[in-house]
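> Here's a structure for you.
The values are calculated or read from the model by the stated rules, or taken from the named source; none is laboratory data. Keep in mind that what you see is a predicted model, and the values were worked out from it rather than measured. Don't worry about glycine lacking a Cβ; one is built from the backbone with ideal geometry, like all the others, and counts go over all protein chains shown.
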Amino acid sequence: MMDTRDEILKILEERGSILQKDLWKELNIDSSKCSRILRKLEKEGLIKRIEIVVDGVKTFKIVPAGAEEEEEEKDEFSLQAVMERMQDVSGLPPCFGCLEKDCEVSFCLKLEVWFLKKVISNTNS
């Protein structure tokens, strides 16, 4: 029979990540026991607990060690995609959701393209 530690690692191997609150419910253990086991696994370098907010409540996303960098990149990409979509829908300039740290407005190709599209659409109206 598998112990709880092994079950957690198996779940992470299969799914890649899981919310801590979902994990203790699935394993049918209390939340404090789950927290203790996860802290030990994190101390051993086997997992990472990433603090997130779900429905206004703080929880942890549990990922295998080494996977947190990939998760952060995915989150940044999806944030960027959302911001770009908001710009398309609202007509806001790309500076609104720009994630470029060293951007100079006078040399921003995205801003120039946005401006030209606005000029062309106003000319055609």
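> On the given criteria, is residue 50 under 21 Å from the mean Cα position of the chain (by Cα) and within 14 Å of residue 65 (Cβ to Cβ)?
In short, yes.
> For the range 31-125, give me every one of the helices (runs of 4 or more DSSP H) that falls completely inside it and has 1 or more residues that are modelled with pLDDT of 65 or more and over 30 Å from residue 5 (Cβ atoms).
On the way: elements: 31-43, 68-90, 109-124.
Counting at least 1 such residues, we get 68-90, 109-124.
> Also, I was wondering about something else. What are the residue pairs meeting all of these: first residue in the range 1-24, first residue more than 14 Å from residue 40 (Cβ to Cβ), second residue among the acidic types (Asp, Glu) and surrounded by fewer than 13 Cβ atoms within 10 Å (Cβ to Cβ), Cβ atoms under 7 Å, and 6 or more apart or on different chains?
If the second residue must be among the acidic types (Asp, Glu) and surrounded by fewer than 13 Cβ atoms within 10 Å (Cβ to Cβ), the pairs left are 24/30.
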